[in-house]
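Read the figures in this text as sums done on the coordinates, not as results from a lab. Note that this is a predicted model, so its numbers are computed, not measured. Here the Cβ is made from the backbone with ideal geometry for all residues, glycine too, and neighbour counts use every protein chain on show.
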Amino acid sequence: MEPIKIERVGASDILPLQEVARKTFFQTFAGDNSEANMKDYLDERFSAERLGAQLNDVNSEFYFATLRGAVVGYLKMNYGESQTELQDEGAVEIERIYVLREYQGKKVGQLLFGKALSVAQEMGAKYIWLGVWENNRKAIEFYRKNGFVEFGQHVFRLGNDDQTDILMKHIL
Ligand SMILES: CC(C)(COP(=O)(O)OP(=O)(O)OC[C@H]1O[C@@H](n2cnc3c(N)ncnc32)[C@H](O)[C@@H]1OP(=O)(O)O)[C@@H](O)C(=O)NCCC(=O)NCCS
């Protein structure tokens, strides 16, 4: 495979961001959730308004993984008050790391995580943390391989369904 590039997502990239965010979320979770719950989540969480606001948030950063100019995955990181929980000033959250199904298993996720790691190190963060659905074994394995350990749980709401996320952290 040709080299994958990791590029910062700009404020004008809402449409490609929306496309990869919706597609990867659907590929990952449609098999385990009702159509109505998936539709509610995709419409609400990946609306142009919401993504636009996140792209303009000084405490969030998005990165695309691209192959020959096409987006094949993305990363979203949050700092400070924009972290979805904890809001620890010395921490960085990986809120989303998603690779299109057809490009998984080819080290794209590894490259996106490497970017998150270098950004967190440059910021002088003490640790990186994230929440992952307890049944998402593939992602949990990926995080364990990258030095994350479990430290708690929280409830994640998808449509009208409450699901348990495992909280994991990687100490820097
Ligand atoms: C989790 C995810 C980001 C990993 O990205 P990826 O590009 O597929 O993974 P990589 O090719 O970079 O793999 C890196 C390492 O992760 C582990 N890994 C990756 N896929 C795995 C799988 N199916 N089963 C077990 N371990 C796996 C392996 O240890 C692998 O290293 P190795 O190839 O040397 O054995 C990707 O699979 C994905 O987008 N999944 C769907 C979305 C998702 O669940 N995101 C996380 C939400 S919290």
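Give me the extension gain from L86 to A70: residue separation times 0.36 nm, minus the current Cα-Cα distance, reported in nm with one decimal.
Extra length from L86 to A70 when fully extended: 2.3 nm.
Take the Cα atoms of region 5-125, find their three principal axes, and give me the spread along each one in whole Å, biggest first.
In descending order, the Cα extents are 41, 30, 28 Å.
Taking 0.36 nm per residue of sequence separation and subtracting the Cα-Cα distance, how much length would be gained by fully extending the chain between Q110 and D57, in nm to one decimal?
On the way: separation 53, 0.36 × 53 = 19.08 nm, distance 2.51 nm.
Once the chain is fully extended between Q110 and D57, it gains 16.6 nm.
Return a whole-number percent for the relative contact order of region 5-125, with Cα pairs under 8 Å and 6 or more residues apart as the contact set. Mind dumping the intermediate values first?
Numbers: 168 pairs, mean separation 30.5, N = 121.
Relative contact order here is 25 percent.
Which order, highest average first, do 141-154, 55-68 follow once you tally other Cβ atoms within 10 Å for each residue and take the mean per peptide? Display every interim value, and only then the final one.
Numbers: 141-154: 14.4, 55-68: 16.9.
Result, highest mean Cβ count within 10 Å first: 55-68, 141-154.
Can you tell me how much longer the chain between E19 and E95 gets when fully stretched, taken as 0.36 nm per residue apart minus their C-alpha distance, in nm with one decimal? Kindly include the intermediate steps, with their values, before the conclusion.
Working: separation 76, 0.36 × 76 = 27.36 nm, distance 1.73 nm.
Residue separation times 0.36 nm, minus the Cα-Cα distance, leaves 25.6 nm.
How many nm is it between the label spots at R50 and Q27, if each spot is 7 Å from the Cα in line with the beta carbon?
Distance between label points: 2.1 nm.
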